[in-house]
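*Asks:* Quick one: the structure is below, and I'll ask about it shortly.
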Amino acid sequence: MGAPGGWRYRFFSASILVTPWTAGYIQAVHTGIDSVIVPFSRLAGLAAVAAAALPLAAQDTLPRRLPPVVTVTRDVRRSPLDLPFAISTTRPDSLVPGLTHTLVEQSLALLPGVTVANRTNPSQDTRVSVRGFGARSQFGARSIRILRDGMPLTLPDGQTPIDYLDLESVGRVEVIRGASAALYGNASGGVIDFRSIDPPAEPFAVQARSFNGGAGLQRYTALIGGSPAGFGVEGNIGRTKSTGYRDYSHQQLTNAFVRATRTLGKTDIAFIGMGLDMPLAENPGAITKAQADTAPWQADALSVQKKARKTVHQVQLGLSATQHFMGDGELFVQGYGGTRTLYNPLTFAVVGIDRRQSGGAVRLTLPWSIGSATNRFSVGADAQWLDDARKNWANCNAVATANASCPSLVSEKGVLSLDQSELVSNLGPYVRDEVQIGRLRATAGVRADQVRFELKDHYLADGRNDSGERTMHAVSPMLGVAARLSPLHSIYGNVGSAFETPTTTELGNHADGTAGINPDLKPQFSTTYEVGAKGLAMSRFQYDVSLFDIEVRDELIPFGIPGGAGRTYYRNAGRTRRRGAELSIGADIGPVTTTAVYTRSDFHFRDFLNAGVQYAGKIIPGIPVNQFQGIATWHLPKAYASVELVEKSRVYVNDANAAAAPAFAIVNARVGGVASFGKPWLSPVVGVQNAFDRKYISSVAVNAAGASVAATKFYEPGAGRLWYVGLSAATNPW
């Protein structure tokens, strides 16, 4: 019981026998290191038994590691050993085989510093946070820049709707943890880039996948891919239905993704298309602790009565071109845009949004050498635009008698209460320079962001005009140094600043009931100090360790008010401090691939006076202090078995630390195989989530309001034991 939250982690308590890796991979690691693959004591026994029981030849079936380069740094493909950032990469389907591709936490598993809280609520996106930033999000992802193959999905106000993020064709995930403002702007936590799998080498190939399981899961997907006549093409379309683990959490959606690439001379051209049609996603809401303890599958009665749910249609298209020259030089140009319509009955109103958004980017990288020093200078700019046409009506569901807000009970939409255009634009020019002298590499950069919010009020029947505008500015510098101690080891350090604006929703929600842009809510600013080490120890074990200290000013904090019907408002805290450690280690143990990740998050308020109460010293809610993830996958020539462990310490639900969701540990497992018949290929899988049917709280509604702590709806329970079966068939697997 040594660690806070009653947890003790022991990573090196077992003796592990490791077989040699191939010479080709060792040679590749001399130029870099990819995903961090880790041994851990809780699964070491399983791995050792498996290694002794199987012939070493089975190691040939182990999943291929990622190429030892990353692209998320907005530069020519670079080795993480040469970059002064905390960078992780992972290949989800290799490290965690048998995925259903329906849960974001599956694709973001085994990444240090990344916490995913599944709200078991299809109407509200899974909470994704990096170093705690993003844990406060009510809708979509916050505090993180999210990309798909380098195309931004994050809007200029910093919010990302991730319900349309298709996971079927994701081949790898790259993450920058920490202050990335000098690279991307308007984000405190970092950057996540979902990269597509490479298309098959054949001219044309097809694949079909199906999954059926508990909570009414039905998912059917068709995939195409190929490399005809110099093109690379991949795409998929999938249909998903689910009744959900909790009551009132039905979901129906169709999503699609396509990517086409072509190289003309020294120019790479890429087209990306994404689409979502979700006619139904019910909102079961959060519940009280007593309700979660007795019947965690139940829905909030008010959410059911008011028929809280959402309907979404979204399309986004992007086109980019990269011209290579002078070895490591390049000119990158990108443009993208899309539309989104949202119909969203909530407990306090019916919300409708028609969205148009677009953006573009340009970057020029110039390399040169002076004596023994090599230099790489980059200059670029990002621009984004957002136009939301928003309307609010009274929610007349469960209204027994007609009134001024609901004069007719035939329709669930009552009297119009808001009609406005919300316009957001962002311009962010930046420069960065890298200098390499021997084993030492220094990186310096600065970015200047301007984010402009404008509100045009079209509803003047209330006797006032809430039109207005606000512009927020920030200059974000960074400096980092990385040193190669040897071809297989490097250390690094950096200091950088980041800023984060409120979203349009956060600026528009006033606790006093007024409308317009909140003139008092300020952006938050953070300064990060970080050191770390990464490499390949004893030519066997990959490792990645980082320590950080983040000072935050004016942190944006959510809160509710009594009688607010679950609506969330925001205020600024004075100062907070986040100190943490992230550790990831890994190895192949005979035919067993093992991975473990530990994240320590010591996040506190330093100065936060609210309603006369000083919260200095309190733990920032919504984030576990300790988090451990581990997996062991046993590979046979034609089969695999995988067991996964997820542990989190308790999570406080409000700023006062008056209550907490308890610590939990769950186990997931999968067994699958491959059957080949010449070119045709079949792969069945049987899996179970939460194998021991533990009751646990997977997410909390931070600072929800209620008559008392016991009566407040803070808790969003995780799903119990859920079985599923899947089958994939392909002409040529990829």
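The values are calculated or read from the model by the stated rules, or taken from the named source; none is laboratory data. Worth saying up front: this structure is predicted, and the values here are computed from it rather than measured. We place every Cβ from the backbone using ideal geometry, glycine too, and count neighbours over all the protein chains shown.
*Asks:* Could you tell me whether the stretch 97-104 includes any residue that is assigned to a strand (DSSP E or B) and either farther than 30 Å from Ala482 by Cβ or in contact (Cβ under 8 Å) with a residue 12 or more places away in the chain (or both)?
*Replies:* Checked against the condition, which is being assigned to a strand (DSSP E or B) and either farther than 30 Å from Ala482 by Cβ or in contact (Cβ under 8 Å) with a residue 12 or more places away in the chain (or both), the stretch 97-104 yields no hits at all.
*Asks:* So how many residues does the stretch 512-568 have that are hydrophobic (A, V, I, L, M, F, W, C), assigned to a loop (DSSP other than H, G, I, E, B), at pLDDT below 80 and in contact with a Lys or Arg (Cβ under 9 Å, 6 or more places away or on another chain)?
*Replies:* Matching residues across the stretch 512-568 total 3.
*Asks:* Going through the stretch 264-302 one residue at a time, which ones are closer than 20 Å to Gln252 by Cβ and without any contact (Cβ under 8 Å) to a residue 60 or more places away in the chain?
*Replies:* Asp277, Pro279, Leu280, Ala299 - these are the residues of the stretch 264-302 that are closer than 20 Å to Gln252 by Cβ and without any contact (Cβ under 8 Å) to a residue 60 or more places away in the chain.
*Asks:* Looking at the stretch 107-154 only, could you name the residues that are β-branched (Val, Ile, Thr) and within 9 Å of the chain's Cα centre (by Cα)?
*Replies:* Those that are β-branched (Val, Ile, Thr) and within 9 Å of the chain's Cα centre (by Cα): Val114, Thr115, Val116, Thr126, Val128, Val130, Ile144, Ile146.
*Asks:* Scan the stretch 434-455 residue by residue and report those that are at pLDDT below 95, surrounded by fewer than 22 Cβ atoms within 10 Å (Cβ to Cβ) and among the charged types (D, E, K, R).
*Replies:* The one that is at pLDDT below 95, surrounded by fewer than 22 Cβ atoms within 10 Å (Cβ to Cβ) and among the charged types (D, E, K, R): Arg439.
*Asks:* What pairs come out if I take residues in the stretch 662-682 that are under 30 Å from Tyr715 (Cβ atoms) and pair them with residues that are exposed (fewer than 14 other Cβ atoms within 10 Å of the Cβ) whose C-beta lies under 7 Å away, six or more apart or interchain?
*Replies:* Ala663/Gly6; Phe664/Arg694; Ile666/Arg694; Val667/Phe692
*Asks:* Would you confirm whether or not the stretch 157-175 contains a residue that is in contact with a helix residue (DSSP H, G or I) (Cβ under 8 Å, 6 or more places away or on another chain), outside any loop (DSSP other than H, G, I, E, B) and among the polar types (S, T, N, Q)? Spell out the reasoning first.
*Replies:* Within the stretch 157-175, the first condition is being in contact with a helix residue (DSSP H, G or I) (Cβ under 8 Å, 6 or more places away or on another chain), and the residues that meet it are 157, 159, 162, 165, 167, 170-173.
Going one step further and asking which of them are outside any loop (DSSP other than H, G, I, E, B), we end up with 170-173.
Now restrict to residues that are among the polar types (S, T, N, Q): none.
Within the stretch 157-175 (the criterion being in contact with a helix residue (DSSP H, G or I) (Cβ under 8 Å, 6 or more places away or on another chain), outside any loop (DSSP other than H, G, I, E, B) and among the polar types (S, T, N, Q)), the answer is no, since none of the residues qualifies.
*Asks:* Do you know which of the residues in the stretch 690-706 that are under 23 Å from the mean Cα position of the chain (by Cα) and free of Cβ contacts under 8 Å to residues at least 60 places away in the same chain is surrounded by the most Cβ atoms within 10 Å (Cβ to Cβ)?
*Replies:* Asn690
*Asks:* Within the stretch 290-305, how many residues are more than 23 Å from Cys396 (Cα to Cα) and among the β-branched types (Val, Ile, Thr)?
*Replies:* Selection size over the stretch 290-305: 1.
*Asks:* Additional query: On the basis of being over 28 Å from Ser94 (Cβ atoms) and either in contact with a Gly (Cβ under 8 Å, 6 or more places away or on another chain) or in a strand (DSSP E or B) (or both), does Arg577 make the cut?
*Replies:* The answer is yes for Arg577.
*Asks:* Restricting attention to the stretch 174-225, report how many residues are over 30 Å from Glu555 (Cβ atoms) and touching a residue at least 24 places away in the same chain (Cβ under 8 Å).
*Replies:* Here the count works out to 28.
*Asks:* Would you pick out the residues in the stretch 652-708 that are part of a strand (DSSP E or B), of a type in the set (S, T, N, Q) and at pLDDT 90 or above?
*Replies:* Asn668, Ser683, Gln689, Ser698, Ser699
Residues checked against (1) more than 29 Å from Asp166 (Cβ to Cβ); (2) over 25 Å from the mean Cα position of the chain (by Cα):
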position	(1), (2)
Thr267	no, yes
Thr288	yes, yes
Asp293	yes, yes
Ala299	no, yes
Lys307	no, yes
Thr311	no, no
Leu319	no, no
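*Asks:* Quick one: which of Gln627, Gln614 is farther than 30 Å from Leu95 by Cβ and of a type outside the set (Asp, Glu)?
*Replies:* On inspection, the qualifying residue turns out to be Gln614.
Residue by residue, here is whether (1) charged (D, E, K, R); (2) under 27 Å from Lys289 (Cβ atoms); (3) surrounded by 15 or more Cβ atoms within 10 Å (Cβ to Cβ); (4) touching a helix residue (DSSP H, G or I) at 6+ places or on another chain (Cβ under 9 Å) holds:
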position	(1), (2), (3), (4)
Ala641	no, no, yes, yes
Arg650	yes, yes, yes, no
Ala656	no, yes, no, no
Val667	no, yes, yes, no
Val671	no, no, yes, no
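*Asks:* Please indicate, with yes or no, whether at least one residue in the stretch 412-419 is over 30 Å from Pro523 (Cα atoms) and not in a strand (DSSP E or B).
*Replies:* Taking the stretch 412-419 first, the residues over 30 Å from Pro523 (Cα atoms) are 412-416.
Applying the additional criterion that residues be not in a strand (DSSP E or B) yields 412.
There is at least one residue in the stretch 412-419 that is over 30 Å from Pro523 (Cα atoms) and not in a strand (DSSP E or B).
*Asks:* State the number of residues belonging to the stretch 324-355 that are more than 30 Å from Lys266 (Cα to Cα), surrounded by fewer than 17 Cβ atoms within 10 Å (Cβ to Cβ) and under 23 Å from the mean Cα position of the chain (by Cα).
*Replies:* Qualifying residue count, the stretch 324-355: 2.
*Asks:* Is there any pair with a first residue in the stretch 523-551 that is basic (Lys, Arg) and surrounded by fewer than 23 Cβ atoms within 10 Å (Cβ to Cβ) and a second that is modelled with pLDDT of 95 or more and part of a strand (DSSP E or B) whose Cβ atoms are under 8 Å apart and which are 6 or more apart or on different chains, and what are they?
*Replies:* Once the first residue is basic (Lys, Arg) and surrounded by fewer than 23 Cβ atoms within 10 Å (Cβ to Cβ) and sits in the stretch 523-551, no partner that is modelled with pLDDT of 95 or more and part of a strand (DSSP E or B) comes close enough.
*Asks:* So, of the residues in the stretch 482-511 that are over 28 Å from Gln450 (Cα atoms) and touching a Leu at 6+ places or on another chain (Cβ under 8 Å), which turns out to be modelled with the lowest pLDDT?
*Replies:* Once the filter is applied, the top-ranked residue is Leu488.
Condition check ((1) in contact with a strand residue (DSSP E or B) (Cβ under 7 Å, 6 or more places away or on another chain); (2) more than 21 Å from Glu506 (Cα to Cα); (3) part of a strand (DSSP E or B)) across all residues:
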position: Val410; (1), (2), (3): no, yes, no
position: Glu434; (1), (2), (3): yes, yes, yes
position: Thr443; (1), (2), (3): yes, yes, yes
position: Tyr459; (1), (2), (3): yes, no, no
position: Asn465; (1), (2), (3): yes, no, no
position: Ala474; (1), (2), (3): yes, no, yes
position: Met478; (1), (2), (3): yes, yes, yes
position: Leu485; (1), (2), (3): yes, yes, yes
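*Asks:* Let me ask something else about it. Would you be able to tell me the number of residues in the stretch 394-436 that are of a type in the set (Val, Ile, Thr) and within 30 Å of Ala361 (Cβ to Cβ)? I'd like the intermediate steps shown before the answer.
*Replies:* Of the stretch 394-436, the ones of a type in the set (Val, Ile, Thr) are 399, 401, 410, 415, 424, 431, 435.
Remaining after also requiring within 30 Å of Ala361 (Cβ to Cβ): 424, 431, 435.
Final tally of qualifying residues: 3.
*Asks:* While we're on this one: Search the stretch 129-145 for residues being part of a loop (DSSP other than H, G, I, E, B) and of a type outside the set (S, T, N, Q), and hand back the single one that is surrounded by the most Cβ atoms within 10 Å (Cβ to Cβ).
*Replies:* Out of the qualifying residues, it is Arg131.
*Asks:* For the stretch 236-262, which residues satisfy the criterion of being over 21 Å from the mean Cα position of the chain (by Cα), β-branched (Val, Ile, Thr) and buried (at least 19 other Cβ atoms within 10 Å of the Cβ)?
*Replies:* Thr261
*Asks:* With the requirement that a residue be more than 36 Å from the chain's Cα centre (by Cα) and of a type in the set (S, T, N, Q), what does the stretch 451-467 give you?
*Replies:* Across the stretch 451-467, the qualifying residue is only Asn465.
*Asks:* Do the conditions hold for Tyr343, that is, is it at pLDDT 95 or above, assigned to a strand (DSSP E or B) and touching a Leu at 6+ places or on another chain (Cβ under 7 Å)? Don't jump to the end; show me each part of the working.
*Replies:* Working: at pLDDT 95 or above: yes; assigned to a strand (DSSP E or B): yes; touching a Leu at 6+ places or on another chain (Cβ under 7 Å): no.
For Tyr343, the condition - at pLDDT 95 or above, assigned to a strand (DSSP E or B) and touching a Leu at 6+ places or on another chain (Cβ under 7 Å) - is not met.
*Asks:* Now a separate question. Criterion first (touching a residue at least 40 places away in the same chain (Cβ under 8 Å) and not charged (D, E, K, R)) does Ala483 satisfy it? Steps first, please.
*Replies:* Values: touching a residue at least 40 places away in the same chain (Cβ under 8 Å): yes; not charged (D, E, K, R): yes.
Spelling it out, Ala483 is indeed touching a residue at least 40 places away in the same chain (Cβ under 8 Å) and not charged (D, E, K, R).
*Asks:* I'd like to check something: does the stretch 502-518 contain any residue that is surrounded by fewer than 19 Cβ atoms within 10 Å (Cβ to Cβ), charged (D, E, K, R) and touching a residue at least 24 places away in the same chain (Cβ under 8 Å)?
*Replies:* No, the stretch 502-518 contains no residue that is surrounded by fewer than 19 Cβ atoms within 10 Å (Cβ to Cβ), charged (D, E, K, R) and touching a residue at least 24 places away in the same chain (Cβ under 8 Å).
*Asks:* Here is a check on your reading of the model: is Ile353 modelled with pLDDT under 95 and out of contact with any helix residue (DSSP H, G or I) (no Cβ under 6 Å at 6 or more places or on another chain)?
*Replies:* Values: modelled with pLDDT under 95: no; out of contact with any helix residue (DSSP H, G or I) (no Cβ under 6 Å at 6 or more places or on another chain): yes.
Against the criterion (modelled with pLDDT under 95 and out of contact with any helix residue (DSSP H, G or I) (no Cβ under 6 Å at 6 or more places or on another chain)), Ile353 does not qualify.
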